[in-house]
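Below: one structure, written as structure tokens.
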Amino acid sequence: MKAVSAVVGCALLILAAVLFVHLASTTEEYSRYNIQWNGTSIFSDLAEERGAVEVRSPDDLAGYTGACLLLIAPDTDFDDAAAGAYRSFLERGNTIVLADDFGTGNQILGALGSEIRILPGNLSSMDMEYSDPHTVIAYRTANATLVDGVETLMLNRPAALEGGEILVQTSILSWIDADGNRHIDAAETLGKYGVVARESVGAGEIYVISDPSLFINTMVGLDSVRDNHRLIGNILEGGRPLLLDAVASQTRADDGIAGILHTVKSTTLIKTTLICTVLLLGAYAFRRKIF
């Protein structure tokens, strides 16, 4: 009887652990394991369904040609080795899409040899959604693969861009809201501001989107908002290998429960061990006619 209880107890514990790993989440902003409004779990699931590969080390970029690497809300600077690996990846004919507003995007752009820069201050506009000047409407101004089929985008507290070829920009009723009061003041200037830009570097190209929140669950879940879904679809379905950065992007999981979840969910050996353990316990129970 004790043997029966031990086998059943072990099986239940293992099954509970597996269930916990697959249902648990974190609250870290932009984390792929955050199912709340500010996480990127929905986008990450869509990317995985389309065969996206996660890049956890600069060395993982070696050998790719014609691929697209997505960096969302980077918060880590590149050291010399990482900068060299990413720039080599870009110059070999790959594409990098960087979505950032006030993180380490400018440092990364400089390391990649790009002239595009992200300007400080929230971009606001009288051309807005939801009666909120921080929900800026922007318009396509040039053609490129990333914005194919995109006419308008809705952005949430974006930054402004300078340099490169501007592909999407706001209307002239826009300003950089330096004091955050949602009103145009004497020291602030109305004008058109770029929010999506493109630049060639070597044989590759880099796109910069000045609003990483386009990829959070709240924004992805807004099905009918402008052409946001078309932009995301162009990234996901570009007919080329899609890589998701987990070196500098905040979508990575490296702290607390998020780190544990990432390790278990992304490690084939651990998954295989759990499955084999459950199967062995089941076989033992069947052989002993416990069930």
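The values are calculated or read from the model by the stated rules, or taken from the named source; none is laboratory data. Bear in mind that the values here come from a model prediction, so they are computed numbers and not experimental data. Cβ sites come from the backbone with ideal geometry, for glycine too, and all protein chains shown count toward neighbours.
The set of residues in region 198-224 being free of Cβ contacts under 8 Å to residues at least 24 places away in the same chain and either more than 16 Å from residue 153 (Cα to Cα) or buried (at least 20 other Cβ atoms within 10 Å of the Cβ) (or both) consists of 200 alone. Taking first residues from region 63-86 that are more than 21 Å from residue 236 (Cβ to Cβ) and not assigned by TED's automatic domain parsing to the domain that holds residue 202 and partners that are modelled with pLDDT under 95 and of a type outside the set (D, E, K, R), no Cβ contact under 7 Å between residues at least 6 apart in sequence or on separate chains turns up. In this entry, residue 122 is excluded by the filter for residues that are more than 18 Å from residue 169 (Cβ to Cβ) and touching a Lys or Arg at 6+ places or on another chain (Cβ under 9 Å). Every residue in region 105-142 that is in contact (Cβ under 8 Å) with a residue 24 or more places away in the chain, surrounded by fewer than 19 Cβ atoms within 10 Å (Cβ to Cβ) and not in a strand (DSSP E or B), please. Correct list: 107, 111, 113, 115, 120, 121, 126, 127, 141, 142. Residue 188 falls short on exactly one of the conditions (1) touching a Phe, Trp or Tyr at 6+ places or on another chain (Cβ under 9 Å); (2) buried (at least 20 other Cβ atoms within 10 Å of the Cβ); (3) more than 30 Å from residue 34 (Cα to Cα), and that condition is (2). Within region 248-268, does at least one residue satisfy the condition of being within 24 Å of residue 135 (Cβ to Cβ), assigned to a helix (DSSP H, G or I) and modelled with pLDDT of 65 or more? Among the residues of region 248-268, not one is within 24 Å of residue 135 (Cβ to Cβ), assigned to a helix (DSSP H, G or I) and modelled with pLDDT of 65 or more, which makes the answer no. For region 66-92, the candidate set comprises residues that are assigned to a loop (DSSP other than H, G, I, E, B) and of a type outside the set (Asp, Glu); within that set, the residue that is surrounded by the most Cβ atoms within 10 Å (Cβ to Cβ) is 73.
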